[in-house]
Amino acid sequence: MREKAVCIRYCRQLNERQEEQVFFLLKETDAEFVPPLSARESTTQTDLSQGTKTYEQREPITYFRELRKQEFLLAEEADRILGFLSFTSDREMELSGKHFSALYISTIAVGKAYRRRGIAGQLYDELLRRFGERTIVTRTWSTNRGHIHLLRNLNFTLLETIENDRGNGIDTVYYGRIK
């Protein structure tokens, strides 16, 4: 069990203060995602190849508009959001030729100043505590070693790989816990 360093709060809908802080975290971490969140049209976009469109957007505004419709787990300390995990409860999925409904994690982000404190793990722990009886799926990119390591430690298994989906040598990988 991880040491509780922060409060993890579940939110079905963000309030104005929370929206401001989540958007700040998206801007801070934008370029760490492949492709950057500011280059995406939605949280579930399937065409993730880089360079296929010209994006003039400098901030992840379009991504955030879609994200704020989701449910959240917020890692908070003294009314400051240090990180978050967003998800949709019932997404119809097709992976490796199988159709199913899943809780789909679209985004997890932790502020740069708050990393190495186990916050991402605490967010996942709370998600699994609340929804562990459900099928849970997420996707990331093959070079996101830290996230993949965490997923494997939490008994998520590789469900599907889409080779070179995010650029040469960068695959999209789907991980899940199927129930």
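The numbers here are math on the coordinates, done by the rules we state, and not lab data. Fair warning: this is a prediction, and the values are worked out from it, not measured in the lab. All Cβ positions, glycine included, derive from the backbone under ideal geometry; neighbour counts span all protein chains shown.
Once every DSSP H run of n ≥ 4 in the chain is given -39500 (n - 2.57) and the sum is divided by its residues, what mean residue ellipticity at 222 nm do you get, rounded to the nearest 500 deg cm²/dmol?
Using -39500 (n - 2.57) per qualifying helix, the result is -7000 deg cm²/dmol.
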Hey, if you put +1 on the Cβ of every Lys and Arg and -1 on every Asp and Glu Cβ in the chain, which of G169, N155, A113 ends up farthest toward the positive end of that dipole? N155
Taking θ = phi - 60°, what integer Hz values does the Karplus form 6.51 cos²θ - 1.76 cosθ + 1.60 yield along the range 123-134, in sequence order, with x for Gly and Pro? 4, 5, 4, 5, 4, 5, 5, 7, 10, x, 7, 9
Most exposed to least, judged by fewest other Cβ atoms within 10 Å, R40, R116 sort to R116, R40
So what is the diffusion coefficient of the range 7-132 in µm² per second by Stokes-Einstein at 4 °C and 1.567 mPa s, using a Kirkwood Rh over Cα pairs? 85 µm²/s
